[in-house]
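The values are calculated or read from the model by the stated rules, or taken from the named source; none is laboratory data. If you're wondering where the values come from, they're calculated on a predicted model, not measured in any experiment. Here Cβ is always computed from backbone atoms with ideal geometry, including for glycine, and neighbour counts include all displayed protein chains. Calculation scope for accessible area: heavy atoms of the full protein, side chains included, ligands and nucleic acids excluded. Shrake-Rupley method; radii C 1.70, N 1.55, O 1.52, S 1.80 Å.
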Protein chains: 4
Amino acid sequence: MDNWRTFYPNNYPKQAMCRFTFYQGRPIRIGSLITEPDHSLINQSFNAQERDEPLNGDGFGLGWYNHQISDEPATFKSVTPAWNNRNLLQLSRITESTCILAHVRAATQGLQVAESNCHPFTFKQYAFMHNGDIGGFSRIRRKLLESLSDEAFNQIKGSTDSEHFFAILQDELTKRDTLDMHDRMSSSLMATIRKVMNLCTSMQVNEHSYINAVLTNGHLAVAVRFTTDQPEEADSLYLNIGRKYVCEEGVCSMIDPGENEKAVIISSEPLSNDPGWESIPVNSMVVVNEGRVLDRLTIDPDW
Amino acid sequence: MDNWRTFYPNNYPKQAMCRFTFYQGRPIRIGSLITEPDHSLINQSFNAQERDEPLNGDGFGLGWYNHQISDEPATFKSVTPAWNNRNLLQLSRITESTCILAHVRAATQGLQVAESNCHPFTFKQYAFMHNGDIGGFSRIRRKLLESLSDEAFNQIKGSTDSEHFFAILQDELTKRDTLDMHDRMSSSLMATIRKVMNLCTSMQVNEHSYINAVLTNGHLAVAVRFTTDQPEEADSLYLNIGRKYVCEEGVCSMIDPGENEKAVIISSEPLSNDPGWESIPVNSMVVVNEGRVLDRLTIDPDW
Amino acid sequence: MDNWRTFYPNNYPKQAMCRFTFYQGRPIRIGSLITEPDHSLINQSFNAQERDEPLNGDGFGLGWYNHQISDEPATFKSVTPAWNNRNLLQLSRITESTCILAHVRAATQGLQVAESNCHPFTFKQYAFMHNGDIGGFSRIRRKLLESLSDEAFNQIKGSTDSEHFFAILQDELTKRDTLDMHDRMSSSLMATIRKVMNLCTSMQVNEHSYINAVLTNGHLAVAVRFTTDQPEEADSLYLNIGRKYVCEEGVCSMIDPGENEKAVIISSEPLSNDPGWESIPVNSMVVVNEGRVLDRLTIDPDW
Amino acid sequence: MDNWRTFYPNNYPKQAMCRFTFYQGRPIRIGSLITEPDHSLINQSFNAQERDEPLNGDGFGLGWYNHQISDEPATFKSVTPAWNNRNLLQLSRITESTCILAHVRAATQGLQVAESNCHPFTFKQYAFMHNGDIGGFSRIRRKLLESLSDEAFNQIKGSTDSEHFFAILQDELTKRDTLDMHDRMSSSLMATIRKVMNLCTSMQVNEHSYINAVLTNGHLAVAVRFTTDQPEEADSLYLNIGRKYVCEEGVCSMIDPGENEKAVIISSEPLSNDPGWESIPVNSMVVVNEGRVLDRLTIDPDW
């Protein structure tokens, strides 16, 4: 009874997903990512290009770090559309950070528009966001919950597949606490995908999964572009590296694009028309550290 | 500083307006207008067809009458998009009324998304909603306010051209309190348009105005489709009359369309694919009473 | 990290609960319960008398039936305080119903203020609301969830003890679908309390539980006032029966109080100063049908 | 029809006002003012001590400067109560500033709860907040508006007396743009009070005014405690100066209180139990610069 889309499904786009942008590197104003570029994340909230449905108006979320004060990120979330939220505009205008996550949401059918369903999700020093869909999630959900530690179980406040995915990821990170951060984060993310795929197999789920995601601790980040579907059906994901991402007089671009230096953007869609936007290969992972790409890994979907 | 669109105007559609639907006649569930039809008002909130920009996600409003209890309409307004508001869905599902107004908003540049800017506006037994734009409104606003009675002045809570228009209309209605309702409402609406046009002339405004609007007291209603621009530039407005508007198994239609009987819908866009939707001529007014069209009047833009 | 109260517990009242009002009988305006009485539910939202802490400002919810249109109730919920919600005022002013539930919330420590945590909760034709606290809920939660059917499990959208209690109740109702409604609803509610108490015992929970609750299908209702604590620690709950509850010129009262006729109010606190408000005995249940009290049952806490 | 308090005035506290806190000095986390102290501004939002009515739950606002990025302050406003807003908690936890304004609101009767009515208000580099009440505001409002420049007139988005007061103040600041900032800000604030008092006199207003307010440009600030009523009726306002305001293990205090060094707090109520809180004399003004009190001026109410 909670959501009219459940009852009037024909009125609503079938493949409703999300868009996100991640930044790691020298400090930049949050607005340089989400309000100023021609195709900023706010622009993507009503005008996404690389999906059938251009609208991502079911809430948004922002995460950012200020390491001088805390290891833990802050988040700002709202159920209103990003494009008309004046608090978001204000905050973005004068807040700088070395690590920023931003996400605009298109609620999947039947799911609630609620702050607790807005990305990024956080756990201790970690922040996580996801764009995509775990196939057959409603069928694997109870088994997934049973598999969690009490701590990860109690972290879950909402009902998205993404937050449940992140709960497994928390347990995987905790298990690997003797590894260095690079290995810990990348292998935990890989193990989480595998675990979810195994749950789908065990419940005979036939629907495909689409997992574009970023996990960060504010210094290191791992991003993944993954699908069980044909590669051409994967959600888009772009990488841009260089010295600095700069907005001047309304034109934004990466300085020294391609140089693996001090600024990394990973984004569902390119934010601007400069040449440095590179499509991340399907079923691969990118590891970022302090503004530089450290590693690129291939994911074998038939592991 | 209040709205990012002011600063990033290129990101946002130029001609941002609204969509509305009005019903008068036998009692129907509110959902029959705003959730159930294929092209319901909620569908128009993300998928409007007859405008360059399909999105009306900057809040919405609903007005309805229950004459057994009160002469005054109730309104329900929210700054969140209509398409994901569960309260709207719930209320619409079990509330019936003989007179319903519903409006989805696309905020004009620089204007705030606020409940006080959501239509319909009310005054005593009257309710009013508008889709369009008063050309050069910011330049005529102070003169307009000066012309108001204290009562009408104090009614204004928001910043839209529409609410200011309605404030003049309140004064015009009060002036004509000896006329019968038909003449009172139609000539007050006409006089208000003229007054606003005169204000524009006196301030040498060159921008065109677009005024599609409905005024009702719950029994009688006057609707207008007006522009100072070329007729082909007018916003769309449709009329559907018949015996009853019915939704059954997801298909909605007017029973006995064209028969001037017991149900009138006036809507920015047709709600359904049945044949009875007739375009209201540009620069004309329709007068409705208890579910029947009483009168059709032409407006001379060069009065 | 989600709620400052978790971190600054000394700033916040220890025993934070809620207030509710239920009506069943001849149609009355919703406002007659929640806005017009001297000690209306809106008044209780900032000025509750029978608790240490007068404030219930963490959202509210309303449920009501319109049997002419649907067996299922509608709900209206918001995270803003009841006392300043203009939509609530408007809706209450012109909506009549024969069965109304209204609830103002004071969030328990660590719990989110979210629409999904606002009462009443609904399932098919049933609506349910709770004022109180299940002792040690966080420790019994996983076992409780495991015990649920898939259907009841999937209904849960939020994180309150109340909604989890109602999930068990849904399963108990489904199990008893061959009983008549009176027995079905009363014994299901009783069984749910017992089941929760058994879960607490099995997990060695020592904290007391406080369960004031109402379950209704729109025609029949069962209300319970229960605690495992000393009877004098139970939350307050009042009953008022008569011919009609009427508000005139700002004074509200039950006509023919004490006559078991056509109007029943069950409320955390008396709404008005008239004499008919009777305290419901601790550890007892009241069964209401179409505006009359059918039955009063004692609950043996040591069953 | 907009606000139930207008209709049920007996239900609501007569003297409903607000509480605010201002900080200027070395960078501190926003949370050190609004969440961490025993009697933080969030605590005052439900537990104000120095007013008849403890509740300030009708929205809040925050303003802060980051001079490395912009001369203009950012604001964060919400209509929900401060005590349960998780975005406010998050933002406060990791944002530092040298100049912070925070305000919790109790809406005056008949006034809307809307973001546009939340303090602080901003204009270019200035921010302003007010706690109190301009007597007879509704009667002087039109004259006040007529007296404004177009620029100041167009800034007004809401309906509070406070924002209208600030509009006059904007014009006064603009008039004095050749003065140094100290004189410019203090004499503009003084002139605004006088202008409003003259408007009240000219409209034969008998109600008293209560104006506790802060105006800042991020470096300099002027604060005023003023009333036309008996001095003992003035709203409370406190000053605390010292080296640094520090919160450690849940205990907050001013280091080196009384030393006019690097940190100034001006607050409706003391935030903590340390000894440095000094009551600002009624009808006086305090001028602050970069964390030091520069000047204390007396206001002659019979000027």
- Message: I'd like the Karplus ³J(HN,Hα) series for the stretch C:202-207: coefficients 6.51, -1.76, 1.60, θ = phi - 60°, whole numbers in Hz, and an x wherever there's a Gly or Pro.
- Response: 5, 9, 6, 6, 9, 5
- Message: Assume the label is 7 Å from Cα along Cα to beta carbon: what separations in nm does A:H67 have to the matching positions in the other copies?
- Response: 2.7, 6.7, 7.1
- Item | Amide H contacts under 5 Å for C:T228, placed H, 5+ residues apart | C:S209
- homo-copy label distances at D:R194 (7 angstrom along Cα-Cβ), nm, one dp, ascending, are 4.8, 7.9, 8.1
- Query: So what J values fall out for the stretch B:138-154 if you push phi through Karplus, 6.51 cos²θ - 1.76 cosθ + 1.60 with θ = phi - 60°, rounded to Hz, Gly and Pro as x?
  - Reply: 4, 7, 9, 4, 5, 4, 4, 4, 4, 6, 7, 5, 4, 4, 5, 4, 6
- Message: At 1.4 Å probe size, what's the solvent-accessible area of A:E261? Round to the nearest 10 Å².
- Response: 60
- Task: Of all alpha-carbon pairs in the stretch C:124-181, indicate the percentage at a distance above 14 angstrom.
- Result: 56
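Give me the 1.4 Å probe accessible area per residue for the protein assembly as shown, excluding ligands and nucleic acids, in Å².
I get 35 Å² per residue for the protein assembly as shown.
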- Task: Compute for chains C and B the buried accessible surface, both sides summed, probe 1.4 Å, and express it in Å² to the nearest 100.
- Result: 1800
- Query: Taking a label point 7 Å from the Cα of C:V246 along the Cα→Cβ vector, which residues of the stretch C:31-68 have an amide N closer than 16 Å to it?
  - Reply: C:32-33, C:37
- Measuring from centroid to centroid over Cα atoms, what is the spacing of the stretch C:97-137 and the stretch D:43-121 in Å? 28
- Query: Rounded to the nearest 20 Debye, what is the dipole magnitude of the protein assembly as shown about its Cα centre when Lys and Arg each give +1 and Asp and Glu each give -1 at the C-beta?
  - Reply: 0
- Task: Quick one: which residues, 5+ away or cross-chain, put their amide H under 5 Å from the amide H of A:E259? H built at 1.01 Å from N.
- Result: none
- Message: Probe radius 1.4 Å, ligands and nucleic acids ignored: give me the carbon and sulfur share of the accessible area of chain B as a rounded percent.
- Response: 44
- Note on the structure: Counting only protein heavy atoms and leaving out ligands, DNA and RNA, the solvent-accessible surface of D:R184 at a 1.4 Å probe, in Å² to the nearest 10, equals 40
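For the stretch C:185-275, just run the numbers: alpha carbon Rg, then divide by 2.2 N^0.38 Å, N being how many residues it has.
Details: Rg = 16.7 Å, N = 91, 2.2 N^0.38 = 12.2 Å.
Against the compact-globule rule of thumb, the ratio is 1.37.
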- Task: Would you mind checking which residues have amide H under 5 Å from D:R19's amide H? H placed 1.01 Å from N; only 5 or more apart, or other chain.
- Result: D:V104, D:A106
- Item | Charge dipole (the stretch D:4-299, unit charges on Cβ, about Cα centre) - positive-most of D:L271, D:L239, D:S138 | D:S138
- Message: Just to be sure I understand the curve: with the Debye formula and one point per C-alpha of the stretch D:83-175, what is log10 I(q)/I(0) at q = 0.10, 0.19, 0.21, 0.22 Å⁻¹?
- Response: -0.31, -0.98, -1.13, -1.20
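Computed FRET efficiency, Cβ-Cβ of D:H182 and B:E146, R0 41 Å: what is it to the nearest 0.05?
Details: r = 37 Å, r/R0 = 0.91.
The pair D:H182/B:E146 has a calculated efficiency of 0.65.
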- Length gain on complete extension for the stretch A:Q68 to A:D300, per 0.36 nm per residue less the alpha carbon to alpha carbon distance? 79.6 nm
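Please work out the FRET efficiency for the pair C:T201 and C:S279, using the Cβ-Cβ distance as r and a Förster radius of 30 Å; give the result to the nearest 0.05.
Efficiency, from the Cβ-Cβ distance: 0.55.
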- Quick calc, the stretch C:4-299, dipole around Cα centre from Cβ unit charges on Lys, Arg (+) and Asp, Glu (-), nearest 20 debye, gives 620
- Message: With only alpha-carbon pairs counted, each pair once and no self-pairs, how large is the Kirkwood hydrodynamic radius of chain B in angstroms?
- Response: 19.2
- Task: Divide, for the protein assembly as shown, the radius of gyration over alpha carbons by 2.2 N^0.38 Å, where N is the residue count.
- Result: 0.92
- Item | HN-Hα J in Hz across the stretch D:213-224 - Karplus 6.51, -1.76, 1.60, θ = phi - 60°, x for Gly and Pro | 8, 10, 10, 9, 10, x, 10, 9, 8, 10, 10, 10
- Task: Tell me the distances, shortest first, between A:D150 and the same position across the other copies, using label points 7 Å along Cα→Cβ, in nm to one decimal.
- Result: 3.0, 6.7, 6.8
